[in-house]
């Protein structure tokens with residue numbers, strides 16, 4: 001069992017190398033291997049999840065070095081869930097990329113995609129703070145390549161901005177790690193948790209600085225206001241499958257906040273208690289408001305989807321800022337939902353853009369789409385999911401969050417912001433949808449062109465299948481919300497009682 | 001020694017930040033390089049400053065310098081080197097395609113052009 005923990009990291013890494021080295025000029029083979037690899041990772045993720053569901057915490061010691069000295073990978077309920085979520089997302093997005101031909105519009109799409117997956121899986125599995133930094137860099141450097149996939153002037157400029165913003169974030173991450181190491185003398189998360197509790201009072205200020213710097217780094221990744229400026233342009237300009245994959249990238253930031261601030265700087269640690277709660281809460285409320293207003297004000301579909309991603313991070317971080325078992329489980333449920341819903345929105349928006357021809361994503365009346373009814377239904381589904389209306393899981397997620405924050409002192413503020421912004425989002429989506437799907441113009445036949453050039457080419461079915469698969473996963477998350485919440489509540493329990501995690505990693509039974 | 005290291009890190013960081021805030025790709029890249037130098041020195045110092053000490057524990061060695069930050073710095077140097085190469089190529093590509101090296105994406109491009117590119 002234990003060796004399987006590293007498989008989600010090793011398999012994409014090896015596959016990416018093979019894809020680059022020996023299949024450079026065989027696009028068909030690349031597609032087959034990339035899909036097969038993602039399928040294998042999905043199977044591994046499911047088996048890891050069934051193992052983690054028993055409540056056992058598995059530790060994988062790299063090079064067999066014991067915990068505080070070597071790097072460990074740790075599989076607990078949360079990391080298993082995140083790995084499975086990424087694996088599901090990845091295979092659907094790959095189907096979409098293959099179906100639309102996005103993967104052939106530039107070089108090395110599949111290799112970069114696999115490297116990105118390797119980084120994301122590693123970030124979720126690692127139990128070492130410096131290793132977390134390394135996996136962040138792995139996923140970032142792959143995302144730089146994916147971001148500018150297929151080229152284009154605006155995409156390049158958005159890419160430069162994205163890379164520079166993230167390089168500064170990485171620098172901050174190193175400063176944070178250096179500070180933490182200077183105070184505690186370790187970077188293993190479990191060991192950090194123990195040593196942070198023993199830090200002498202004269203060093204506690206330094207520990208707080210480290211904790212705060214680390215929070216800022218993760219807040220950049222999670223696009224918390226006012227550190228969200230990299231996101232709209234990046235997500236709007238990234239190729240659609242890449243933007244859909246990026247839906248999990250902001251969640252890496254949320255995951256890291258959740259991990260570090262329950263395990264290392266938990267609510268019980270006096271030095272850093274209540275250090276970030278308020279900042280996170282008010283930042284998240286603002287993030288939600290800005291995101292939803294952005295949906296209403298967006299002039300292009302790509303930016304609409306990007307602001308929807310910001311808004312979903314706002315909702316998620318509001319729940320995260322509670323740091324109780326109830327709020328954490330609501331946050332995790334919403335995290336799973338918003339990842340799938342965000343990705344769905346990005347790929348549906350891309351289908352709309354592709355079929356509208358020259359007018360693309362601009363929100364003004366245009367020609368009717370080739371698969372009009374189908375895509376309208378998909379957009380409707382994505383909008384319902386993102387805005388949080390019944391019957392999809394967005395509604396359940398928001399309900400859980402509203403219920404979980406009941407004990408907070410700011411409960412009325414939180415409730416009103418969440419409910420009002422939901423209304424704003426509905427308005428925004430209704431406006432965009434009606435302009436695109438209802439106010440269609442039948443193009444006047446140009447006199448100098450013959451009729452056959454106007455008939456649309458047959459549309460491939462695979463992209464639509466991928467969209468429906470994503471929608472089906474959201475439906476499944478709503479239908480099986482009971483059993484999902486059972487797992488997630490156990491996850492939150494496990495997170496808020498880190499003693500077992502620490503003793504398992506450090507072998508102190 | 002401590003003062004010298006600390007002020008060097010501070011100076012590098014300040015200069016790096018200033019250059020990053022210039023928002024043109026060449027100064028920004030130089031600024032990021034300066035920031036990575038600063039962070040490398042900072043990481044190096046996080047294991048406490050010690051001069052002429054062995055980095056390994058052996059019999060008879062009472063005082064030693066912490067080897068772990070040196071390994072961390074090595075990793076950080078490699079990563080920042082790779083990242084700098086990527087950002088140089090990207091910035092060059094961006095400049096050559098749009099003839100504009102401003103990092104800031106303002107509303108300068110006329111709206112029609114935006115939609116065609118989207």
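Every number here is computed from the coordinates shown, using simple stated rules; none is lab data. All figures in this text were calculated on a predicted structure; none of them were measured in a lab. Cβ: placed from backbone, ideal geometry, glycine included. Neighbour counts: every protein chain shown.
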| note | If the label point sits 7 Å along Cα→Cβ of residue B:104, residues of region B:1-35 with amide N under 16 Å come out as B:18-28
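If I take R0 = 51 Å and measure r between the Cβ atoms of residue A:500 and residue A:299 in this structure, what FRET efficiency does the formula 1/(1 + (r/R0)^6) give, to the nearest 0.05? Mind showing how you got there, number by number?
On the way: r = 51 Å, r/R0 = 1.00.
The formula returns an efficiency of 0.50 here.
How well do other chains shield peptide A:169-177, expressed as the mean number of their Cβ atoms within 10 Å of each residue Cβ?
On the way: counts 0, 8, 13, 2, 2, 14, 8, 0, 7.
Shielding by partners across A:169-177 averages 6.
Would you mind classifying region A:30-83 by shape? Square roots of the alpha carbon gyration tensor eigenvalues, ordered a ≥ b ≥ c; an a/c under 1.5 is rounded, otherwise it is prolate if a/b is larger than b/c and oblate if not. If you can, show how the numbers build up before the last one.
Values: a/c = 3.47, a/b = 1.53, b/c = 2.27.
Judged from the Cα gyration tensor, region A:30-83 comes out oblate (a/c at least 1.5, b/c at or above a/b).
Round to the nearest 0.05 the FRET efficiency obtained for residue A:21 and residue B:59 when R0 = 45 Å and r is the Cβ-Cβ distance.
Working: r = 47 Å, r/R0 = 1.04.
That pair, residue A:21 with residue B:59, gives E of 0.45.
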| Can you give the helix-only mean residue ellipticity at 222 nm for chain A, where every DSSP H stretch with n ≥ 4 adds -39500 (n - 2.57) and the sum goes over all residues, rounded to the nearest 500 deg cm²/dmol? | -24000 deg cm²/dmol
| field | Normalised contact order of region A:1-115, rounded percent, pairs of Cα under 8 Å and 6 or more residues apart | value | 36 percent
| message | What is the ratio of the Cα radius of gyration of chain B to 2.2 N^0.38 Å, with N the residue count, to two decimals? | response | 1.52
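At 4 °C and 1.567 mPa s, what whole-number value in µm²/s does Stokes-Einstein give for the translational diffusion of the protein assembly as shown, with Rh from the Kirkwood sum over Cα pairs? Don't skip to the answer; put the middle values down first.
Values: Rh = 25.2 Å.
Estimated diffusion coefficient is 52 µm²/s.
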| region A:295-321 residues near the modelled residue A:431 label - backbone nitrogen below 18 Å, point 7 Å along Cα→Cβ | A:295-312
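Relative contact order of region A:190-319: what whole-number percent is it, with Cα pairs under 8 angstrom and at least 6 residues apart? Could the numbers behind the result be given before it?
Working: 150 pairs, mean separation 40.2, N = 130.
Dividing the mean separation by the residue count of region A:190-319 yields 31 percent.
Would you list A:124, A:69, A:156 from fewest to most Cβ contacts within 10 Å? Walk me through the numbers on the way to the answer.
Details: A:124 29, A:69 13, A:156 22.
In increasing order of surrounding Cβ atoms, one gets A:69, A:156, A:124.
For region A:56-96, just say rounded, prolate or oblate: build the C-alpha gyration tensor, square-root its eigenvalues into a ≥ b ≥ c, call rounded for a/c under 1.5, and beyond that prolate if a/b exceeds b/c, oblate if not. Write out the running numbers ahead of the final one.
Numbers: a/c = 4.97, a/b = 2.41, b/c = 2.07.
Verdict is prolate for region A:56-96.
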| query | In whole Å, how far is the Cα centre of region B:39-72 from that of region A:198-227? | reply | 25 Å
| In the Gaussian network model of chain B, springs joining C-alpha atoms below 10 Å, which of B:60, B:93, B:82 carries the largest mean-square fluctuation? | B:60
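With a Förster radius of 41 Å, plug the Cβ-Cβ distance of residue A:409 and residue A:28 into 1/(1 + (r/R0)^6) and report the FRET value to the nearest 0.05. All intermediate terms of the calculation are to be shown ahead of the outcome.
Details: r = 59 Å, r/R0 = 1.45.
According to the calculation, E is roughly 0.10.
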| task | Could you work out the relative contact order of region A:291-379, using alpha carbon pairs under 8 angstrom and six or more residues apart, expressed as a whole percent? | result | 26 percent
| query | So how tilted is helix A:240-263 from the main axis of chain A? Cα-based, degrees 0 to 90, rounded to 10. | reply | 20 degrees
| field | Column: log10 I(q)/I(0), Debye, Cα scatterers of region A:1-137, q = 0.09, 0.22 Å⁻¹ | value | -0.27, -1.27
| task | Please work out the C-alpha center-to-center distance from region A:1-68 to region A:320-351 and express it in whole Å. | result | 24 Å
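Taking the Cβ of each residue in A:354, A:441 as the centre, tally the other Cβ atoms inside 10 Å and list the residues starting with the fewest.
Numbers: A:354 19, A:441 11.
With the fewest neighbours first, A:354, A:441 line up as A:441, A:354.
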| said: Over chain B, with a Gaussian network built from C-alpha contacts below 10 Å, which listed residue (B:97, B:33, B:80) shows the highest mean-square fluctuation? | reply: B:97
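Run the numbers for residue A:54 and residue A:324: contour at 0.36 nm per residue of separation, minus the present Cα-Cα distance, in nm. Intermediate results must be reported in sequence, preceding the final value.
Values: separation 270, 0.36 × 270 = 97.20 nm, distance 2.22 nm.
Full-extension gain reported as 95.0 nm.
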| query | Please report, for the Cα atoms of region A:107-227, the Rg to one decimal and the Dmax as a whole number; what are they, in angstrom? | reply | 16.6, 54
| said: Need one number: nm distance between label points at residue B:1 and residue A:419, each 7 Å from Cα along Cα→Cβ, rounded to one decimal. | reply: 6.4 nm
